[in-house]
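Every number here is computed from the coordinates shown, using simple stated rules; none is lab data. Just so you know, these numbers come straight off a predicted model, no measurement behind them. Every residue, glycine among them, receives a Cβ derived from its backbone with ideal geometry; neighbour counts consider all protein chains shown.
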Amino acid sequence: MGDWEVRRWRRYGKDRLYVHDGDGSPVGWRDLLTGEDHVEVPERLDDLRFALQAWQTSEGGDLTVVSAPRADLAPQAEVTSAVVEASTAHVARTSTVDLEPSMPVAPPVWDDLAAHRAGEMARQQAVALKQAAPVRTFVARVLGVHTDERAWRIGADGEELVAARLAKLAKKDPRWKFLHAIPVGENGSDIDHLVIGPGGVFSLNAKHHPGARIWIRDNAFKVNGQQQPYIRNSRHEALRAGRYLTAACGFPVSVAGVVVPVGADDVTIKQPPADVFVVNRMALTDWLRRRPVVLEDETVEAIFEAARRSTTWRPQG
């Protein structure tokens, strides 16, 4: 089986075990928060689990999930555990395992953004504000006062609702791919949703305004009569995303900005913006499916593979 190197990496609220083979090539990694295994190629799943079990046997490491997994991930965690236990005998007969779990842990080459949940960053902000002032947050909720905590929480809810529509899109047409809560740059900003499919690449900005009246004319976007910078921000976000993806892919990638109103009672578009789309959440799936085909399947896959890498959005130098 050859030699293996297993390294534990804990950062940004994540806890993972990364496995490399004897020549330093990545095999895959296990998410210790969910129990999920990720491999570079499917054929190396047994190698990954073998190396992790060997690490546990040799060093007394813990491969159990360290926090309760989400309900939709629990079956995968159980399968992982069963396979690891079944491979113990194989590990015992192998004498070539060379592991260094005590070595200083270097950050992985990239973090897989496909594991991000919709609204993840906004939800974290809301939780942090609530924990910082629990009493004030409780009173504000009871009185219906608009606070930063509420804004982040409502925003996260909106992103989850948009993600549900995208999931329906993928079921109808698996050629469409998407990512959520993409951290961009170093200032804490993120892209709510990036959608990649035969109809193009779209940067979606969910705007959750329950019960609101929204009015749009060109670059003007008003919520209950108040001007909001949503069109300008969406345009900037899409242009920046296109630059990052073009650099990562090595070929031109055009990204279109989309503002997605969520929960509004009324959306009136007097004149659509010239270079940003405004699409209500409930119409999003059909709107994307009706886009003319501009990307071949191979190009969609190439862009998605670049987009899912954290290094694409935080370039060095």
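Excluding same-chain neighbours fewer than eight residues apart, the lysines reachable from K168 by a Cα-Cα span under 22 Å are K177, K207.
Residue separation of A283 and A247 scaled by 0.36 nm, minus their Cα-Cα distance, works out to 9.8 nm of gained length. Each part gets one Cα centre, and for the stretch 172-233 versus the stretch 294-308 those centres are 20 Å apart. Using a/c under 1.5 as the rounded threshold, could you call the stretch 219-317 rounded, prolate or oblate? The axes a ≥ b ≥ c are square roots of the C-alpha gyration tensor eigenvalues, and prolate needs a/b larger than b/c, oblate otherwise. Prolate shape, in that a/c is at least 1.5 and a/b is the bigger ratio. When H38, H193 are sorted by how many other C-beta atoms sit within 10 angstrom of their C-beta, beginning with the fewest, the order is H38, H193. Highest average first, the peptides 261-267, 42-48 ordered by how many other beta carbon atoms sit within 10 Å of their residues are 261-267, 42-48. Shape descriptor for the stretch 194-262: Rg over Rh equals 1.06 (Cα atoms; Rh from the Kirkwood inverse mean 1/r). Ordered by the number of other Cβ atoms lying within 10 Å of each residue's own Cβ, fewest first, E301, E159 fall into the sequence E301, E159. A crude spin-label estimate for the pair R213 and K14, with each label 7 Å from Cα along the Cβ direction, gives 4.6 nm.
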